[in-house]
1. Mean separation of Cα pairs under 8 Å and 6+ residues apart, divided by the residue count of the chain: what relative contact order is that in percent?
2. Hey, which lysines would be in cross-link range of residue 253, C-alpha to C-alpha under 26 Å, not counting anything within fewer than 8 residues on its own chain?
3. How many percent of DSSP beta bridges within the chain run antiparallel, rounded to 5?
4. Loop only by DSSP, 16 or fewer other Cβ within 10 Å of the Cβ. Give me the trypsin sites (Lys or Arg not before Pro) in region 406-484 that pass, ordered by residue number.
5. Could you look at the chain and say what percent of its accessible area is carbon and sulfur, using a 1.4 Å probe and all protein chains?
6. Using only Cα atoms, what is the ratio of the radius of gyration of region 468-519 to 2.2 N^0.38 Å?
7. What is the Cα centroid distance between region 111-189 and region 352-381, reported in whole angstrom?
8. Provide, for q = 0.08, 0.09, 0.11 Å⁻¹, the log10 of I(q)/I(0) from a solvent-free Debye sum over equal Cα point scatterers in the chain.
Amino acid sequence: MSVAETIAHLESAVPIAGRKAPPCTVVIFGAAGDLTQRKLVPALYNLANQRLLTASGFATIGFARRELDDAGFREYLGGELRGHVGESFDDGVWSWLCTRTSYVSGNFDDPAAYERLAAQLERAQQEFGTAGNVLFYLATAPEHFGLVARMLKARGLLDQSGGRWRRVIVEKPFGHDLASARALNRELQSELAESQLYRIDHYLGKETVQNLMVLRFSNAIFEPIWNRRYIDHVQITVAETLGVEKRGGYYDKAGALRDMVPNHIFQLISLVAMEPPISFQADAVRDEQCKALRAMQPFTPADVLSRVVRGQYAAGNAGNKTLPAYRAEHAVAPESTTETFVAMKLGIDNWRWSGVPFYLRVGKALPKRTTEISIHFRKPPMVLFRHTEVESTKPNVLVVRIQPDEGIALTFGAKVPGAALRLGSVFMDFSYSDHFGSTPATGYERLLFDGMLGDQTLFQRADMVEASWAVVDPILDLWTKVLPHDFPNYHAGTAGPVDADELLARDGRQWRTILDTTS
Ligand code: BG6
């Protein structure tokens, strides 16, 4: 198709998924940053390509300190876009998006910059029919969240009168401990209603994460056994092969615990552990997630010492790349005591999960990139097999692979063919891409789309964020008092420190191997 034909097609086509975003402008603060170029604009491009944006009512505005004009901003985005959207890149779609993309340069604390933004929003409304609706995306450093919200409100840009809507998406990290998360909630809530506030966690944009609820609640076979009577324990692994790359400055202050656990990993746990919601309405789902988070057993200082393991990588080879030691990475302190690996044993104190440990581990510079949740069922009794050659029965394991090869596998015992009675462990495997094909996605499409539709289900509510930090806070406290004495304690390319293995070995269990995600 020629560019003109593609544009005509975009204007007339019905969306592939059956509904379109309402007319609106998406304003990205921090638009000259990495996230905008790598994720947000590719996600808007993918939405346009899937005909999910209203062709006669969409515009986007970048806002950042860098001095650029509209053409310079479009060039900055376009230069990388092809690489980020891959084979689905179409000049016509980009050209359509480009004409609706403009830029406002200014400091976040400068009222004149917000005047320019207001004027640009007015123009977008006139020119592109955006109906005065605006989705502000704060892709800035967290210290600017409160300031930007204040400045937007002061200029009247959060005003929803006349039927138009104004919403604000806030990137992570949302605070660095419980006190700062509470303070940030208070600060934002004094400028915005909770219904206007969208705290993003990009893990919830992942298809398989969303599928967790569907798996649990649209199948009759799982829910009856989804409890302490049938489940022995749950493991969650988020392994990355990369080191900290260019983010040493941020990461050395944050560490693996803050970076991944109270947000991404707790979101996964809450979806696995929650009770069935009374509906799929945003607050019905979030009420149940929040209850699961609140039921997490608090850590005493003694628990932190016995049930939480931290690690930091030394030089090695991970994912076919040679990595320097963490302490030798750019912008990392040479004596840094920041952890790049965490493992812990969590309990959820409620009727369903009492006594079922949730083991989680997350780390950089591990052997393979893999994110998975595995549900380990109780072992069947040996009674029938005790006079056979079978030495032990194996538990069933249900593995939900979040990435990279999204899918679900179930292991079960089968007889090995032959005269003797021997048991083998085999598996049934469902792969998303084999079955449904793959749609190019950055993981931000669904979240941006839901923001435009006003659906908060996949965004974190204030109480969820606070409940998560409340679990992690005692660990942070103790770690600032008791510094690690054995860092670095694992080599890049290995599965983390030996203490993490001991954490499970003490309970007579072991981690699934990181190299093998399908069995
Ligand atoms: C980010 C963390 O939130 O998630 C990064 O700050 C991490 O350190 C990333 O690498 C992992 O996301 P994904 O989607 O690649 O699993």
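1. In percent, rounded to a whole number, it is 17.
2. Reachable lysines: 39, 172, 321, 345, 364, 368, 481.
3. Once the DSSP bridges in the chain are tallied, antiparallel ones form about 55 percent.
4. Taking region 406-484 and a limit of 16 other Cβ atoms within 10 Å, the loop trypsin sites (Lys or Arg not before Pro) found are 422.
5. Heavy-atom surface of the chain belonging to carbon and sulfur, 1.4 Å probe: 54 percent.
6. So region 468-519 has a normalised radius of gyration of 1.45.
7. For region 111-189 versus region 352-381, the Cα centre distance is 38 Å.
8. Here log10 of I(q) over I(0) equals -0.56, -0.70, -1.03.
The values are calculated or read from the model by the stated rules, or taken from the named source; none is laboratory data. Since the model is a prediction, treat every value here as computed from it, not as a measurement. Counting neighbours? That spans all protein chains shown, and the Cβs are built from the backbone with ideal geometry, glycine included. Remember, those area values only see protein heavy atoms, side chains included, never the ligands or the DNA or RNA. Shrake-Rupley method; radii C 1.70, N 1.55, O 1.52, S 1.80 Å.
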